[in-house]
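Trainee: Structure below; questions to follow.
The values are calculated or read from the model by the stated rules, or taken from the named source; none is laboratory data. Every value quoted in this text rests on a predicted model; they were computed, and no experiment measured them. FYI the Cβ positions are ideal-geometry reconstructions off the backbone, even for glycines, and counts take in every protein chain you see. Only protein heavy atoms, including side chains, enter the accessible area calculation; ligands, DNA and RNA are left aside. Shrake-Rupley method; radii C 1.70, N 1.55, O 1.52, S 1.80 Å.
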Amino acid sequence: MTTPNPFLTLPELPEWQLRTLVRSLQVPEPNPKPGRPRTYTDTHLLRLHVYRVLMGWSVERMLRELRRDPSLRRALGLPGVPGRATVSERSKHLPWRALWQRREREEEGAKRRVLGLDATPLPAQATDPEARWGKDSRGQWVYGYKLHLLLDLDTGEVLALSVTPAHRHDGPVGLALVRGMAPLEGEKPSLLLADSAYDAEVLFEAAEGKGLLLLSGHNRRRGKPRGKRRKSNLRRLQRGAYRGLYRRRWELETVVGLLKGPLGLEACVGRVRGLEAVIRQVMAVVTAFSFVAQALARAA
């Protein structure tokens, strides 16, 4: 029986504890540029974004609360209240991914990691010119974008993500994510769990090249599998041990539910227009999730 992961239900922490947690956030700062030093570091702005996501606030609400509450500024270690233009411009270049990767990996090589790959639609404003029509998992049409996510199911570490207009198919984007990730090594190949949208011989081959054993649902619309890797996958899914492991795919669906529900990803995306602005909102929410998830995993 699988031990429940601590980050699958993010707890409602007291506000003081939440502030303490966010205050612990640190990222390496880039080399200073010539001229006047910046008042707000990357760490300051990332704390601002992580805290406001966890509180369910927009950027505007966060800035209002910082102006209203000096104790919040002190708790987060901010030297003041940045302007809206500063937050908007600097957010384009923040090192979001610095908070995704785990810091501690004792005995990593001896452990088989279990990863999940999935995509979910993000509804957009009807007037957003860069959004597109696409179908969700139930076959219903959605106008908006799509988040493609590759995640470590045991730790909450985000290995890769992509945001595309909603009409992009899951398979090719998933293939690009797998090809772009660093190879994983261990005594056993790490497992990559995905649904039937990723049942393609080229994706099985790419996963194998990264030290991954892909377990995907069988795509019946493609008929009987012809490639050797798709055939092997179908045989594995019929074995009890692999069937049990494949059931862990629900954990990624639960994470997606957390992102879109309590962490307010859909609401964040609905406030902005354009792919670049949507990507920044996604980065803020995913970064907040990954930061808290890994803190919970370390404390478990």
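Trainee: What fraction of the DSSP beta bridges in the chain is antiparallel, stated in percent and rounded to the nearest 5?
Mentor: Numbers: 20 of 28 bridges.
Antiparallel: roughly 70 percent of the beta bridges in the chain.
Trainee: For a quick check: with amide H placed at 1.01 Å from N, whose amide H comes under 5 Å from Leu115's, ignoring anything fewer than 5 positions away on the same chain?
Mentor: For Leu115, the qualifying residues are Leu153, Leu191, Leu192, Leu193.
Trainee: Could you give the accessible area per residue of region 106-226, probe 1.4 Å, as a whole number in Å²?
Mentor: Values: 5680 Å² over 121 residues.
About 47 Å² of surface per residue is accessible.
Trainee: Any chance you could look up the accessible area of His167 with a 1.4 Å probe, heavy atoms only, rounded to 10 Å²?
Mentor: Probe radius 1.4 Å; accessible area of His167 about 110 Å².
Trainee: Another one. Only four residue types carry charge here, +1 at the Cβ of Lys and Arg and -1 at the Cβ of Asp and Glu. Report the dipole size of region 113-224 about the Cα centre in Debye, rounded to the nearest 20. Walk me through the intermediate numbers first.
Mentor: Values: 13 positive and 15 negative charges, 106 e Å.
So the dipole magnitude of region 113-224 works out to roughly 520 debye.
Trainee: Could you tell me which of rounded, prolate or oblate describes region 43-181, using a ≥ b ≥ c as the square roots of the eigenvalues of the alpha-carbon gyration tensor, with rounded for a/c under 1.5 and, failing that, prolate when a/b is larger than b/c and oblate otherwise? Could you put the intermediate results ahead of the total?
Mentor: Values: a/c = 2.55, a/b = 1.25, b/c = 2.03.
Taking the square roots of the gyration eigenvalues as a ≥ b ≥ c, region 43-181 is oblate.
Trainee: Cross-chain or 8 or more residues apart, Cα under 24 Å: how many lysine pairs in the chain fit that? Count them up, please.
Mentor: 13
Trainee: Among Thr287, Pro95, Gln125, which residue has its Cα positioned farthest towards the positive end of the charge dipole of the chain, with +1 placed on the Cβ of Lys and Arg, -1 on the Cβ of Asp and Glu, and the dipole taken about the Cα centre?
Mentor: It is Gln125.
Trainee: So how strong a dipole does region 41-183 carry about its Cα centre when Lys and Arg Cβ are +1 and Asp and Glu Cβ are -1, to the nearest 20 debye?
Mentor: Working: 24 positive and 17 negative charges, 81 e Å.
Dipole of region 41-183, to the nearest 20 debye: 400 debye.
Trainee: I would also like to ask the following. Amide H to amide H under 5 Å from Leu122: which residues, 5+ apart in sequence or cross-chain, H placed 1.01 Å off N in plane?
Mentor: Answer set, sorted by chain and number: Tyr145, Lys146, Leu147.
Trainee: What shape does region 233-290 take by its C-alpha gyration tensor, where a ≥ b ≥ c are the square roots of the eigenvalues and a/c under 1.5 counts as rounded, a/b above b/c as prolate, and the rest as oblate? Could the numbers behind the result be given before it?
Mentor: Numbers: a/c = 3.91, a/b = 2.81, b/c = 1.39.
Prolate shape, in that a/c is at least 1.5 and a/b is the bigger ratio.
Trainee: Also, quick follow-up: Probe 1.4 Å, all protein chains in place: accessible area of Met181 in Å², nearest 10?
Mentor: 10
Trainee: For the chain, give the magnitude of the charge dipole about the Cα centre (Cβ charges: +1 Lys/Arg, -1 Asp/Glu; no others), in debye to the nearest 20. Walk me through the numbers before you get to the answer.
Mentor: Values: 52 positive and 31 negative charges, 112 e Å.
Using only the charged Cβ atoms, the result is roughly 540 debye.
Trainee: Can you tell me the convex hull volume per residue for region 42-95, based on C-alpha atoms, in Å³ to the nearest whole number? Walk me through the numbers on the way to the answer.
Mentor: Details: hull volume 3.9 nm³, N = 54.
Dividing the Cα hull volume of region 42-95 by its residue count gives 72 Å³.
Trainee: Oh, and also: If you compute Rg and Dmax of the Cα atoms in Å for the structure shown, which of (i) 24.6, 86; (ii) 18.9, 56; (iii) 20.3, 65 do you land on?
Mentor: Checking each listed value against the structure points to (iii).
Trainee: Counting Lys and Arg as +1 and Asp and Glu as -1, what is the net charge of the other residues whose Cβ lies under 12 Å from the Cβ of Glu130? Working shown, then result.
Mentor: Numbers: positive: Arg132, Arg273; negative: Asp128, Glu276.
Around Glu130, the surrounding residues sum to 0.
Trainee: Here is a follow-up. Using the Cα gyration tensor of region 149-230, with a ≥ b ≥ c the square roots of its eigenvalues, what is the shape: rounded (a/c below 1.5), prolate (a/b larger than b/c) or oblate (neither)? Mind dumping the intermediate values first?
Mentor: Values: a/c = 1.86, a/b = 1.16, b/c = 1.61.
Oblate, since a/c reaches 1.5 and b/c is not below a/b.
Trainee: Follow-up question, since we're still on this one. Using helices alone, I'd like the mean residue ellipticity at 222 nm for the chain: each DSSP H run of four-plus residues gives -39500 (n - 2.57), total over residue count, nearest 500. Numbers along the way, then the final one.
Mentor: Numbers: 12 runs with 128 residues, N = 300.
-13000 deg cm²/dmol, from helical runs alone.
Trainee: Beta carbons within 10 angstrom, averaged per residue: use that to sort the peptides 28-37, 64-73, 204-213, highest first. Walk me through the intermediate numbers first.
Mentor: Values: 28-37: 7.6, 64-73: 13.7, 204-213: 19.0.
Highest to lowest by the protection proxy: 204-213, 64-73, 28-37.
Trainee: What whole-number distance in Å separates the alpha-carbon centres of region 55-100 and region 20-43?
Mentor: About 12 Å separates the Cα centre of region 55-100 from the one of region 20-43.
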